[in-house]
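The values are calculated or read from the model by the stated rules, or taken from the named source; none is laboratory data. Everything numeric here is computed off the predicted structure, so don't read it as measured data. Cβ: placed from backbone, ideal geometry, glycine included. Neighbour counts: every protein chain shown.
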Amino acid sequence: MHIEGKKVSINASKKKVYEFLNDFNNYENLMPEQIVNWKSDTDACSFTIKGMADLSLKFEERTPFSALRIIPEGKAPFKFSLNVKLVEDSLNEQKTIGGVDVEADLNPMLAMMAKRPLENLVNVMAENLNKAF
């Protein structure tokens, strides 16, 4: 299942946004309110989704100034990745267009239940990233 989050215009250069996103210590304020018990360092984070699961995430790929791929570390309820994409605004190099997508390996029943929470996650992350700058 692929979920494409909404794109946001961020008032910062791609380099500045990428450097912010390249450190999990900056992600706590990007998360929806259902995320609690946040712990992080530069390269990994762990948290609890209220009433659902404990998760740990790590960076799998980093493409300087344009993309980050985040995957679960350890036990997860299903296989997924969060893909952050950054592109320079064609009209202003001091602005960045950013978004978060999810790729999830889910059976049809689980996909129906998980679709709305995953859409909420990627959209809230994008909105909060915009607010961070």
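Values for this structure:
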| read-out | value |
| --- | --- |
| Test: residue in region 91-99 that is touching an Asp or Glu at 6+ places or on another chain (Cβ under 6 Å), at pLDDT 95 or above and more than 15 Å from PHE20 (Cα to Cα) | no |
| Tally, over region 63-80, of residues that are under 13 Å from the mean Cα position of the chain (by Cα) and within 24 Å of SER9 (Cβ to Cβ) | 4 |
| Residue ranges of strands (runs of 3 or more DSSP E) in region 22-133 with at least 1 members without any contact (Cβ under 8 Å) to a residue 40 or more places away in the chain, crowded, with 16+ Cβ neighbours inside 10 Å and in contact with a helix residue (DSSP H, G or I) (Cβ under 7 Å, 6 or more places away or on another chain) | 35-40, 44-49 |
| Hits in region 45-73 (condition: over 19 Å from ASP101 (Cα atoms) and touching a Ser or Thr at 6+ places or on another chain (Cβ under 9 Å)) | SER46, PHE47, ASP54 |
| Selection count where residues are basic (Lys, Arg) and under 14 Å from GLY5 (Cβ atoms), scope region 65-116 | 3 |
| Scope region 1-21; condition out of contact with any helix residue (DSSP H, G or I) (no Cβ under 6 Å at 6 or more places or on another chain) and assigned to a helix (DSSP H, G or I); matching residues | LYS14, LYS15, LYS16, VAL17, TYR18, GLU19, LEU21 |
